[in-house]
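Only the coordinates and a few stated rules stand behind these numbers; no lab work does. As the structure is a prediction and not an experimental result, all values here were calculated from the model. With ideal geometry, Cβ positions are generated from the backbone for all residues, glycine too; neighbour counts draw on all protein chains shown.
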Amino acid sequence: MASILETIRQNAYHFPPVETALQEPDGLLAAGGDLNPDRILRAYSHGIFPWYSADDPILWWSPDPRCVLFTDELHISRSMAKWLKQQQLRVTTDTAFKSVIQACAQPRAKQAETWINNDIQTAYYALHQRGLAHSIEVWDGEELVGGLYGVSIGRMFFGESMFSRTTNASKLAFIRLVQSASQMGFRMIDCQVHNPHLETLGARCIPRGQFVQIIEQQMQLPPPIKWELA
C-alpha cells in the first residue's frame, strides 16, 4: 500500500483545493483532464470523484455535506432482518466486476442516458485489475440480480454505483459490503450524495472537512490482506 499512496502523492495530476468547490451546483470542483487511473486515485485521496454526462467534459465533484455510512452505524430494520433470514439469494465479491459495472450503466427509469460510459467502465476495470476497485454481486441461481462497485484505498471504501433487478437486491449487496468492511477494519463507506435508499440503512451526511480528515486517516492504514465477504 505504501507504493500506491506514494504514487498518488507524487503523480503530477493536480486539483484545486476542495474549499473552492461551487455551492451551486453542489460541489463542482473542476472540469477536464482524463480518466487515467492514477488521476482517479489522486482525486479520491482528496475526496473528489468524476461524474459527468456524455456531452460534458469530465466533471470532478466534492459535495458538501458528504453522504457516508459509518460501519458501526449500519441499521437493519425488523422487516429487513426478517427478509434477510428468509431470502435465498447468493452473494459473492469480485467474481463479475465487468457485469456489475455494465448493469450499473444501464439507464434507470425516466433516464435517457447513463453517466457510466465506456471510458468510465474502462478506467474502473483498470483499477479493479490493480486490486483497488471491487464489486459485490447478488445472484438468483445463475442470474445476476443486483450488486455494487467502488474503489478501496487503505481501509477506506468509496462507493460508486449499485443496481437491483429484484426486490432488495441492492440493499443486500450494500449490507454485506458494510458488514464485510467492518470486519476488515473499515470505519466508513463513502456514499457521495444523499440517497433515501441508503439513509434507511444508516447513511447520513457529514461536513466535507470532516469527511476529508477521515479518509486521510483511513487511507494511511494497510489494506486488508484479502478482500472477502464477512
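Yes/no per residue for (1) out of contact with any helix residue (DSSP H, G or I) (no Cβ under 9 Å at 6 or more places or on another chain); (2) not hydrophobic (A, V, I, L, M, F, W, C):
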{"position": "I101", "(1), (2)": "no, no"}
{"position": "R108", "(1), (2)": "yes, yes"}
{"position": "G146", "(1), (2)": "no, yes"}
{"position": "G150", "(1), (2)": "no, yes"}
{"position": "G154", "(1), (2)": "no, yes"}
{"position": "S161", "(1), (2)": "no, yes"}
{"position": "S164", "(1), (2)": "no, yes"}
{"position": "S170", "(1), (2)": "no, yes"}
{"position": "V178", "(1), (2)": "no, no"}
Open item on the list: Could you go through the range 190-211 and let me know if any residue there is surrounded by fewer than 21 Cβ atoms within 10 Å (Cβ to Cβ), under 23 Å from A81 (Cα atoms) and among the basic types (K, R).
Closed with: yes
Task: Residue list for the range 154-181, restricted to those being under 12 Å from T71 (Cα atoms) and touching a Phe, Trp or Tyr at 6+ places or on another chain (Cβ under 9 Å) - done: R155, M156, F157, L177, V178, S180, A181
Task: Selection within the range 172-230 - touching a Pro at 6+ places or on another chain (Cβ under 8 Å) and charged (D, E, K, R) - done: R208
TODO: Spot the failing condition for G32; the list is (1) closer than 22 Å to Y125 by Cα; (2) surrounded by 19 or more Cβ atoms within 10 Å (Cβ to Cβ), and only one is missed.
DONE: (2)
Open item on the list: One residue is enough: does the range 98-116 have a residue meeting the conditions acidic (D, E), surrounded by fewer than 14 Cβ atoms within 10 Å (Cβ to Cβ) and touching a residue at least 60 places away in the same chain (Cβ under 8 Å)?
Closed with: yes
- [ ] Go through the range 142-160 and give me each residue that's buried (at least 21 other Cβ atoms within 10 Å of the Cβ) and closer than 22 Å to Q87 by Cβ.
- [x] V145, G146, G147, L148, Y149, G159
Task: Close pairs from the range 173-193: first among the acidic types (D, E), partner part of a helix (DSSP H, G or I), Cβ under 9 Å, at least 6 apart - done: D190/Y44; D190/F211; D190/I215
